[in-house]
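> The structure follows.
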Amino acid sequence: MSSGVSAGSASRAPRKLFGTDGVRGVAGDFLTADLAVALGRAAARISAAEAPQVLIVRDTRESGEMLEAALAAGVAAGGGHALLGGVLPTPGASVLVRRYDFDLAAVVSASHNPYRDNGIKFFGPEGTKLADDQEAAIEGCLDARSPGRMGRVRELHGAPGDYLRELESRFSGLRLEGRRILLDCANGATHRVAPEIFRRLGADVDAVAVEPDGRNINEGCGSTHIERLAQRMAGHDVGFAFDGDGDRVLAVDRNGVVVDGDELMALGALHLRDQGRLSGDGVAVTVMTNYGFHQAMAEHGVEVATTPVGDRYVLSELLRRGWTLGGEQSGHIIDTGFVPAGDGTAAALLALEALGDRDLAQRDAMEKLPQRLVNVPVADRDALEHAADVWAAVEEESRRLEGRGRVLLRSSGTEPLVRVMVEAPREDECQEIVDRLVNLVKTRLG
């Protein structure tokens, strides 16, 4: 594995197993122990190091231990040394692979998916996810024989503590005394480290979904069920909900109002710029980011780059431009000043750092525009590309909204759906435009 290849490489080598976030599927069905062994062996084989040091961490799914063991066996069979870090948020792997100069890190997790799913994703020595061509190289040698030398499998003691120390060092100036904070850890990888770092920084912490049993990860909790946290906010100043592997976060203010990734990024961007830490005075976001974010950044002289949906595209743009901050509305927020990966815990702390003595309910970094998103079932999602009358209608609606909002149509990458999204200054105007476009898509493509 060459460390000279950046994340999000433009290579488009054909891949069968790797998706936008590693290899993912039902554990024991698609993602078997045999496949995990093969992936570990192949990853070790493509490394530029003769005997690569490979960190392996996981979330709390019941299949995690089995896949961790299989992956480690594969690394050793490929001549590498597997170091087991145990349960740790995905960004912890990105932090520690750089801290210890490891050659590779692997995370066993399916993020916000149900417990039956699991996944394996790899990070290079720079702490970034492997590029497409590197993942393709792993697939290309899945059937390769072992090199004839065996590596070792060892526990890496104290990995959570090392990750916590990195967080504590980055936010050493943040004092949270007097703040009562509610955390929802999704019964996932943050269930110990997130409450601990908030306590170390002085907060009075209450935490829910911190009793993982292997099957309750993301079940009615975490950032995919943020409404549960909003219902529990009585007596708390602010709440944060993470997903199963801890790489994303959503917030709730004291009034129970949900604060999404766009608003958290807006807070962070203006704060980092004021501190002289927003490299290039720019932020990278996806096409789904609210138009109000773009308006707010323009008002403050912050450039915005827009990418396709997916954190790997955001990170690729940040690395290409040498920028610091980027992310997604879903709460996948990357601050390369700390780690080149989404980190829900660090993003929550950045938001509090940005607020200073203010309350989250007093946030004023951006004003969200009303947004409507409708998924329209279609016979052939690829037909959208050639639907001239649909695109003419989109162009006309966009012209009417110019400077005030926007229209976005795109085909789903995995389902027979066309996603219709509209943002406008008023709820009624937003709904009217959505209705017109949805009806047209149904008529022409349904």
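> Is it the case that ILE56 is out of contact with any Gly (no Cβ under 8 Å at 6 or more places or on another chain), open to solvent by less than 50 Å² (accessible area, probe 1.4 Å) and within 19 Å of THR128 (Cβ to Cβ)? Break it down stepwise before answering.
Details: out of contact with any Gly (no Cβ under 8 Å at 6 or more places or on another chain): no; open to solvent by less than 50 Å² (accessible area, probe 1.4 Å): yes; within 19 Å of THR128 (Cβ to Cβ): yes.
Here the answer is no, as ILE56 does not meet what is asked.
> Do we find that ASP262 is under 18 Å from THR307 (Cβ atoms) and in contact with a strand residue (DSSP E or B) (Cβ under 6 Å, 6 or more places away or on another chain) in this structure?
So ASP262 does not fit the description; no.
> Go through region 109-125 and count every residue that is under 16 Å from ARG215 (Cβ atoms) and not polar (S, T, N, Q).
6
> Considering each of ASP274, ASP237 in turn, give the residue that is touching a strand residue (DSSP E or B) at 6+ places or on another chain (Cβ under 9 Å) and either of a type in the set (Lys, Arg) or open to solvent by 20 Å² or more (accessible area, probe 1.4 Å) (or both).
So the residue among ASP274, ASP237 that is touching a strand residue (DSSP E or B) at 6+ places or on another chain (Cβ under 9 Å) and either of a type in the set (Lys, Arg) or open to solvent by 20 Å² or more (accessible area, probe 1.4 Å) (or both) is ASP237.
> Filter region 235-245 down to the residues that are among the small types (Gly, Ala, Ser) and not in a loop (DSSP other than H, G, I, E, B), then identify the one that is nearest to GLY356 (Cα to Cα).
This residue is GLY239.
> Report yes if some residue within region 362-369 is without any contact (Cβ under 8 Å) to a residue 12 or more places away in the chain and in a loop (DSSP other than H, G, I, E, B); otherwise report no. If you could, list the steps in order and put the result at the bottom.
Let us first name the residues in region 362-369 that are without any contact (Cβ under 8 Å) to a residue 12 or more places away in the chain, namely 362, 364.
So of that shortlist, the ones also in a loop (DSSP other than H, G, I, E, B) come out as 364.
Yes: one or more hits.
> Moving on to the next point. Of all residues in region 135-161 being in contact with a helix residue (DSSP H, G or I) (Cβ under 9 Å, 6 or more places away or on another chain) and open to solvent by less than 10 Å² (accessible area, probe 1.4 Å), which is nearest to CYS221 (Cα to Cα)?
Of everything passing the filter in region 135-161, ALA159 is nearest to CYS221 (Cα to Cα).
> Please count how many residues of region 389-446 are hydroxyl-bearing (Ser, Thr, Tyr) and not in a helix (DSSP H, G or I).
Within region 389-446, the first condition is being hydroxyl-bearing (Ser, Thr, Tyr), and the residues that meet it are 398, 411-412, 414, 443.
Next, from what is left, pick out any that are not in a helix (DSSP H, G or I): 411-412, 414.
Residues flagged as hydroxyl-bearing (Ser, Thr, Tyr) and not in a helix (DSSP H, G or I) within region 389-446 amount to 3.
> Considering (1) open to solvent by 10 Å² or more (accessible area, probe 1.4 Å); (2) under 23 Å from GLU219 (Cβ atoms); (3) small (Gly, Ala, Ser), say which one GLY246 fails and leave the rest.
For GLY246, the exception is condition (1).
> Inside region 109-144, can you point out the residues that are β-branched (Val, Ile, Thr) and touching a Ser or Thr at 6+ places or on another chain (Cβ under 8 Å)?
At the first step, the residues of region 109-144 found to be β-branched (Val, Ile, Thr) are 120, 128, 138.
Within region 109-144, THR128 is the sole residue that qualifies.
> Taking region 180-196, which residues are within 15 Å of ALA347 (Cβ to Cβ) and either at pLDDT below 95 or surrounded by fewer than 24 Cβ atoms within 10 Å (Cβ to Cβ) (or both)?
ILE181, VAL193, listed by residue number.
> Among strands (runs of 3 or more DSSP E) lying entirely in region 246-324, which contain 3 or more residues that are at pLDDT 95 or above, closer than 21 Å to PRO370 by Cβ and not acidic (Asp, Glu)? Before the answer, list the steps.
On the way: elements: 249-253, 282-286, 303-307.
Here the list reads 249-253.
> Could you check region 100-124 and list, in sequence order, the residues that are open to solvent by 10 Å² or more (accessible area, probe 1.4 Å) and either part of a loop (DSSP other than H, G, I, E, B) or aromatic (Phe, Trp, Tyr) (or both)? So that I can check it myself, show each step before the final result.
From region 100-124, those open to solvent by 10 Å² or more (accessible area, probe 1.4 Å) are 100-103, 112-117; that's our starting set.
Result: TYR100, ASP101, PHE102, ASP103, HIS112, ASN113, PRO114, TYR115, ARG116.
> Continuing with this model, one more query. One residue is enough: does region 75-88 have a residue meeting the conditions in contact with a strand residue (DSSP E or B) (Cβ under 8 Å, 6 or more places away or on another chain), within 16 Å of GLY158 (Cα to Cα), touching a residue at least 40 places away in the same chain (Cβ under 8 Å) and part of a loop (DSSP other than H, G, I, E, B)? Walk me through how you get there before you give the answer.
Kept after step one, since they are in contact with a strand residue (DSSP E or B) (Cβ under 8 Å, 6 or more places away or on another chain), are these residues of region 75-88: 75-76, 80-88.
Retained after the next criterion (residues that are within 16 Å of GLY158 (Cα to Cα)): 82-88.
In the following step, the residues that additionally are touching a residue at least 40 places away in the same chain (Cβ under 8 Å) were identified as 82-88.
Next, from what is left, pick out any that are part of a loop (DSSP other than H, G, I, E, B): 88.
Yes, there is a match, as at least one residue in region 75-88 is in contact with a strand residue (DSSP E or B) (Cβ under 8 Å, 6 or more places away or on another chain), within 16 Å of GLY158 (Cα to Cα), touching a residue at least 40 places away in the same chain (Cβ under 8 Å) and part of a loop (DSSP other than H, G, I, E, B).
> Now for a different question. Looking only at region 219-234, how many residues end up being crowded, with 20+ Cβ neighbours inside 10 Å, in a loop (DSSP other than H, G, I, E, B) and more than 16 Å from the chain's Cα centre (by Cα)?
Residues flagged as crowded, with 20+ Cβ neighbours inside 10 Å, in a loop (DSSP other than H, G, I, E, B) and more than 16 Å from the chain's Cα centre (by Cα) within region 219-234 amount to 1.
> Return yes when LYS121 is modelled with pLDDT of 95 or more, among the basic types (Lys, Arg) and touching a helix residue (DSSP H, G or I) at 6+ places or on another chain (Cβ under 9 Å) and no when it is not.
Values: modelled with pLDDT of 95 or more: yes; among the basic types (Lys, Arg): yes; touching a helix residue (DSSP H, G or I) at 6+ places or on another chain (Cβ under 9 Å): yes.
The answer is yes for LYS121.
> Going by the conditions given, is VAL390 open to solvent by less than 10 Å² (accessible area, probe 1.4 Å), among the β-branched types (Val, Ile, Thr) and more than 16 Å from LEU264 (Cβ to Cβ)? So that I can check it myself, show each step before the final result.
Numbers: open to solvent by less than 10 Å² (accessible area, probe 1.4 Å): yes; among the β-branched types (Val, Ile, Thr): yes; more than 16 Å from LEU264 (Cβ to Cβ): yes.
Yes.
> Could you count how many residues in region 218-258 are hydrophobic (A, V, I, L, M, F, W, C), touching a Leu at 6+ places or on another chain (Cβ under 6 Å) and more than 17 Å from SER330 (Cα to Cα)?
Counting residues in region 218-258 that are hydrophobic (A, V, I, L, M, F, W, C), touching a Leu at 6+ places or on another chain (Cβ under 6 Å) and more than 17 Å from SER330 (Cα to Cα) gives 1.
The values are calculated or read from the model by the stated rules, or taken from the named source; none is laboratory data. No experiment lies behind these values; they were computed from the predicted model shown. Note that we place each Cβ from the backbone using ideal geometry, even for glycine, and neighbour counts take in every protein chain shown. These area figures cover heavy atoms from the full protein model, side chains too; ligands, DNA and RNA do not enter into them. Shrake-Rupley method; radii C 1.70, N 1.55, O 1.52, S 1.80 Å.
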